[in-house]
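Here is the structure we will look at, set down as C-alpha cells.
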Amino acid sequence: MVIRYMPRTADAELNLDMEAMGAVLITGPKWCGKTTTAMQVAKSVVNVDDLIMDVRTSGIEEIAPESLLRGERPHLIDEWQLAPKVWDLVRREVDSSGETGAFILTGSTATDFRKVVHSGTGRIGRLHMRTMSLYESGDSSGDVSLGSLFRTGDEGISGYSDCDAECIARLLTRGGWPAAIGKSEAAAQRIVEAYCESMIEGDVRWPDGHRHSPEKMRAVLSSLARNSATSASRSKILEDVEGHGVRMHENTLDNYIRDLKKTFVIENLDAWCPKLRSKTSVNSSPTRHLTDPAIAAWMLDAHPEDLLSDLETFGLLFESMAVRDLRSYAQAIGGKVHHYRDSEGLESDTIIHLNNGRWAAVEIKLGSEAGIESGAKSLRSLERKVDGAYRNKLAFKAIVTATKAAYTRDDGIHVVPLACLRP
C-alpha cells in the first residue's frame, strides 16, 4: 500500500535551507515526521539506530563514522546524534566540496555541542518540526492566513469551519502525530499511549545515557500536564510531584525536565520583552507547554467528554494546542511566538514576532462571549501600553477560538477559529 505524503509547513523552509546550506539539521519530538519529510528530498538514507542494532553493541564504535556519509546526495543520516562524530565529518565535507544540500541530519535529541568541534554555523542549517498542526492534518479549513493578517492588518476577515468545541476536544486528545491522522479515535489513543509510555517506561534513549525512574517520570509528566499553559515555578512543580506521593530532590527534578527539553517533549513559551511607556517590569518566566496537548490530556486521563465538562482544563489544553499551531505557522512565515505578562497583571497569551520587527498580539479563548470580551480588553490595553516605537509596527490583534466562524469585530480585533487558520 502506498502511503500518501501529507505536506508539512516545514517543506518550504527545508527546500530553502537545502539551496542555501551545505547540510540541514532537522530536530523535533519522536514520530513527528522528521524522517518522512527529509525523505521527500533525500536520494539515499542511512539509519544509525538500525546500524547499532545490526552490530549488536551499545555504541557506534564498531562502525566507521566516515561510512555513514556514503550515499547519493542529498544523503539523509537518520538519528545522527547516536554517532556524534558525524557532525564534524559533515561540516568538513561541505567545507571542502562547497556543495549545497548535500546532507540532511535528523534527530530526536538536541545537539550537544560539547561533543563536536565546530557548531556548524554557516554550513549546517537548522529546522525544527513539531507534531502536525490542524492545517497540516487537514482539519483546518485554511480560510484565514496568518501571513495575510500581517499584510492586511485590521481589514475585515471571514471564514468558516465545521469544527466546533466537541470536534476540537477530539482533535486535541488525538494529537498531531502523523501516524494518528485518519485513524479511529481508539487507534489514535493507542498511539498517544505508546508515546507517553515510551517516556515513562524508559524506552526513550535519554541524553548522556540517563536512566529515569518510571514512577518519578510519570509524576513529573503528570505535574507538567496539570500546569500546562501556566508559568508554574519549579518549586510549584516539585510541590505538585511530592503532593502525589513521590519524593524527589530539586536537582533530580531539574535532570528530568532538562532531558524532556532535550528530547523536545517540553517546549516552553518564552517571554516577550518590549519597550514600554511605563516603568512596569515584565515577567520573564516562560509559560509551560508540552510539545503536543494530547500528552497532557493522556497524563490527566482526560477524554473529549471530560474536557467538555471541565472547561477550565479544556481552556488550558486548548491554549497549548493553539500555541503548537501558531508556532508552526509563524515559523513558516519567518516568525516566532512568545507570551507577555507584566507586574501589573496585564498579559497576552501569545505575541507573534516576525523577523522584520512586525508583531501581533493574540489571545486564546474557547469562545464564550465573556471570554472573547476579556481577550479583547487585554489586547487593547497591551496596545496602549507598548512603546510607540513598537506600537507602530503592530500588525493586528486577534482572538483564537474553538468556535466555527471567523469575523472582525467593530474594534478591529479578529476572532479566528483555530480550525480556520493556516500559515
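The values are calculated or read from the model by the stated rules, or taken from the named source; none is laboratory data. Here the structure is a predicted model, which means the values were calculated and not measured. For neighbour counting, all protein chains shown are included, and Cβ atoms are generated from backbone atoms with ideal geometry for every residue, glycine included.
In region 144-166, which residue that is small (Gly, Ala, Ser) and in a strand (DSSP E or B) is surrounded by the fewest Cβ atoms within 10 Å (Cβ to Cβ)?
The selected residue is 145.
Name the residue, out of 348, 343, 368, 374, that is among the polar types (S, T, N, Q), touching a strand residue (DSSP E or B) at 6+ places or on another chain (Cβ under 6 Å) and more than 22 Å from residue 128 (Cα to Cα). Give the derivation first.
On the way: 343 fails: touching a strand residue (DSSP E or B) at 6+ places or on another chain (Cβ under 6 Å); 368 fails: touching a strand residue (DSSP E or B) at 6+ places or on another chain (Cβ under 6 Å); 374 fails: touching a strand residue (DSSP E or B) at 6+ places or on another chain (Cβ under 6 Å).
Among 348, 343, 368, 374, only 348 is among the polar types (S, T, N, Q), touching a strand residue (DSSP E or B) at 6+ places or on another chain (Cβ under 6 Å) and more than 22 Å from residue 128 (Cα to Cα).
Of all the residues that make up region 274-291, how many are surrounded by 14 or more Cβ atoms within 10 Å (Cβ to Cβ) and in contact with a Ser or Thr (Cβ under 8 Å, 6 or more places away or on another chain)?
Residues meeting the conditions: 9.
For region 187-204, how many residues meet the condition of being of a type outside the set (Phe, Trp, Tyr) and under 16 Å from residue 32 (Cβ atoms)?
Residues meeting the conditions: 8.
Restricting attention to region 121-138, does a residue exist that is assigned to a loop (DSSP other than H, G, I, E, B), acidic (Asp, Glu), touching a Leu at 6+ places or on another chain (Cβ under 9 Å) and not assigned by TED's automatic domain parsing to the domain that holds residue 366?
No - not one qualifying residue is present in region 121-138.
Suppose we filter 93, 99 for residues that are closer than 19 Å to residue 44 by Cβ and either assigned to a helix (DSSP H, G or I) or free of Cβ contacts under 8 Å to residues at least 12 places away in the same chain (or both); which single one remains? Reasoning before the result, please.
Working: 99 fails: either assigned to a helix (DSSP H, G or I) or free of Cβ contacts under 8 Å to residues at least 12 places away in the same chain (or both).
The unique qualifying residue is 93.
Tell me, which helices (runs of 4 or more DSSP H) lie completely within region 1-77 with 2 or more residues that are modelled with pLDDT under 95?
By residue number, 48-54.
Taking the stated definitions as given, is residue 139 of a type in the set (Asp, Glu) and either farther than 20 Å from residue 11 by Cβ or in contact with a strand residue (DSSP E or B) (Cβ under 9 Å, 6 or more places away or on another chain) (or both)?
No: the conditions fail for residue 139.
May I ask you to say which residue of 169, 186 is in a helix (DSSP H, G or I) and touching a residue at least 12 places away in the same chain (Cβ under 8 Å)?
Result of the check over 169, 186: 169.
Against the condition outside any helix (DSSP H, G or I), under 25 Å from the mean Cα position of the chain (by Cα) and either touching a residue at least 12 places away in the same chain (Cβ under 8 Å) or within 22 Å of residue 134 (Cβ to Cβ) (or both), how does residue 411 come out, does it pass?
No, not satisfied.
Taking region 292-310 as the search range and keeping residues that are in a loop (DSSP other than H, G, I, E, B) and more than 18 Å from the chain's Cα centre (by Cα), which one is surrounded by the most Cβ atoms within 10 Å (Cβ to Cβ)?
Among them, the one singled out is 302.
Suppose the filter is assigned by TED's automatic domain parsing to the domain that holds residue 307 and farther than 28 Å from residue 294 by Cα; does residue 155 pass it?
Against the criterion (assigned by TED's automatic domain parsing to the domain that holds residue 307 and farther than 28 Å from residue 294 by Cα), residue 155 qualifies.
Could you look through region 103-121, keep only residues that are touching a residue at least 24 places away in the same chain (Cβ under 8 Å) and farther than 16 Å from residue 35 by Cα, and pick out the one that is surrounded by the most Cβ atoms within 10 Å (Cβ to Cβ)?
120
So which helices (runs of 4 or more DSSP H) are wholly in region 209-284 and hold at least 1 residues that are among the basic types (Lys, Arg) and touching a residue at least 24 places away in the same chain (Cβ under 8 Å)?
214-226, 250-262
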